[in-house]
Number of protein chains: 2
Amino acid sequence: MQRNQNITELELYIKSYFEIASSKDLHSITSLFKLATIKKGEFLLKPGKHCQSLSFVQSGLLRMFVTTNDKEVTQWISKQGYFATDLSSFIFETPSRWTIQALVDTEVYTITKNDYKKLGDIVPKWAEIEKLFLVRCFTLLEDRIFSHLSMTAEERYNFFFENHKELFNQVPLQYIASMLGMTAETFSRIRKKQLM
Amino acid sequence: MQRNQNITELELYIKSYFEIASSKDLHSITSLFKLATIKKGEFLLKPGKHCQSLSFVQSGLLRMFVTTNDKEVTQWISKQGYFATDLSSFIFETPSRWTIQALVDTEVYTITKNDYKKLGDIVPKWAEIEKLFLVRCFTLLEDRIFSHLSMTAEERYNFFFENHKELFNQVPLQYIASMLGMTAETFSRIRKKQLM
DNA sequence: GTAATTTCTTGATTTTTATCAAGTGCTCTA
DNA sequence: TAGAGCACTTGATAAAAATCAAGAAATTAC
């Protein structure tokens, strides 16, 4: 029962985005994802390693970041219903550039590279589903670039706040600041302004 | 002869990035792309339209941009060996967000949505090639976001200059400035500094 | 529950970048 | 070849954002 309920998030996700998938296909896909728990502070991926898995966040939060000489840059925070991986490393089997770390105890449905490769054989429409998924991701990144070309820090703050309110009291704000391309101080001042 | 030489760029591209494709597959793919010429100033795509085609630049330059109330934002400039399309519109058949316009007379190899759909049936490994292509694009965008999270305007200028020198005397510089997320004035000042 | 650590805020200051306003030079065209 | 439009530069100024330095507040560890 608990098990069924857990799998629901991932199934729901695929179902809602890819109507294309039949119930049978849906089950073929999700059954290859294994539930795992990552404790707060633990790492799902470290830079230089080959990323061997693709994870779907069932609950909790994962942060993807890079540490350069002087500073740490947060690229993305995956909340419930989002995926986390170093896509390039996962697909091309190159060394990973990102660190992925749990911000809180996090439940993930994880598929290994090996099982991932099987999907094409098992699920007739997998190629199509995968394509649609990748294009969706591509478009999100395109939008994010656009936000840096056309918006001020304050506009990016507001836009992100509208779409991810719940993160603002679950995540150290410095990480959101970094992800939006501003310092923690600037973030703090914008935040104050918006709350008044 | 001329014809053979022309097709080469696209074939070379696919060949060099996707070793996976056999000569036969290669020809199946490229033969669906039709050569077309877009005169300087003409449009390949206008916002609101459904993007019906994917184009590969054989020679010339295409600019992808958005016009908002107050300003025009250049998202990308496709030079020889690059593709141009509104990917989201092309795949999901939604209204396009971008304008794509030729900066100079431009030769493109273009495939229609209809023909594109056939590729999966004609080329056994198409799904794999397409996936690799999309992941490559995804990674480029990821890098671009990272550049906005971690670099100053000057660093972005230098990085782009290193990788796309030839654009600097082929394209109105204001477009490159916009694409890098800075004003034409800032771009001009950085440029002066680098030339001295 | 208290100390230690981390996160967040605030103020002062500097740096970066945008904006505004001219002016120069180039290119295309008639 | 004159002149109309662009594209680019330059300077002065304003605005945005970063940096530096304390402190306050919250969280974690003991």
> With contacts defined as alpha carbon pairs under 8 Å and 6 or more residues apart, what's the relative contact order of the stretch B:82-196 in percent?
Replying inline: 14
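Average partner chain C-beta neighbours within 10 Å, per residue of A:123-135? Don't jump to the answer; show the numbers that get you there.
Working: counts 0, 0, 0, 1, 6, 2, 0, 4, 6, 2, 1, 9, 8.
The per-residue average across the peptide is 3.
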>> Give me, ordered by chain and number, the residues 5 or more places off residue A:50 or on other chains with an amide H under 5 Å from its own placed amide H.
In response: A:96
>> Between 0 and 90 degrees, rounded to the nearest ten: what's the tilt of helix A:184-195 against the longest Cα principal axis of chain A?
In response: 90
>> Can you give me the angle between helix A:2-17 and the longest principal axis of chain A, using Cα atoms only, in degrees from 0 to 90, rounded to the nearest 10?
In response: 80
> Around residue A:190, what is the net charge, scoring Lys/Arg as +1 and Asp/Glu as -1 over all other residues with Cβ under 12 Å from its Cβ?
Replying inline: +2
> Given the pairs A:15/A:193; A:125/B:34; B:49/B:71; A:79/A:118; A:49/A:131; A:131/B:49, which are separated by over 32 angstrom at their Cα positions?
Replying inline: A:15/A:193
> Counting only protein heavy atoms and rolling a 1.4 Å probe, how much accessible area do A and B lose on contact, total for both sides, in Å² to 100?
Replying inline: 3400
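Quick check: at a probe of 1.4 Å, how many percent of the accessible area of the stretch B:2-123 sits on carbon and sulfur atoms? Don't skip to the end; give the middle numbers.
Numbers: 2980 of 5950 Å².
Whole-percent figure for carbon plus sulfur exposure: 50.
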> To the nearest 10 degrees, how steeply does helix A:153-164 sit against the main Cα axis of chain A, on a 0 to 90 scale?
Replying inline: 40
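Any idea what the relative contact order of chain B is, in percent, if you count C-alpha pairs under 8 Å spaced at least 6 apart?
Working: 279 pairs, mean separation 44.2, N = 196.
Result for chain B is 23 percent.
Once fully extended, how much extra length lies between residue B:153 and residue B:115, figured as 0.36 nm per residue of separation less the alpha-carbon to alpha-carbon distance? Could you put the intermediate results ahead of the total?
Working: separation 38, 0.36 × 38 = 13.68 nm, distance 4.14 nm.
Residue separation times 0.36 nm, minus the Cα-Cα distance, leaves 9.5 nm.
Count, for each residue of A:84-93, the Cβ atoms from other chains sitting within 10 Å of its Cβ, then give me the mean as a whole number.
Details: counts 0, 0, 2, 5, 7, 1, 1, 7, 4, 0.
Per residue, the average neighbour count from other chains is 3.
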>> Suppose all protein chains stay in the model; what accessible area per residue would a 1.4 Å probe give for the protein assembly as shown, in Å²?
In response: 51
>> Can you give me the convex hull volume of the Cα atoms of the protein assembly as shown, divided per residue and expressed in Å³?
In response: 163
>> Straight-line reach only, C-alpha to C-alpha below 17 angstrom: list the aspartates and glutamates that residue B:165 could link to, leaving out same-chain residues fewer than 8 apart.
In response: B:154, B:155
> Could you state the principal axis extents of the C-alpha atoms in the stretch A:2-126, from the largest down, to the nearest angstrom?
Replying inline: 49, 31, 21
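The values are calculated or read from the model by the stated rules, or taken from the named source; none is laboratory data. Bear in mind that the values here come from a model prediction, so they are computed numbers and not experimental data. When we count neighbours, we look across all protein chains shown, and the Cβ atoms used for this are built from the backbone with ideal geometry, even at glycine. In case anyone asks, the SASA skips ligands and DNA or RNA and just uses the protein heavy atoms, side chains included. Shrake-Rupley method; radii C 1.70, N 1.55, O 1.52, S 1.80 Å.
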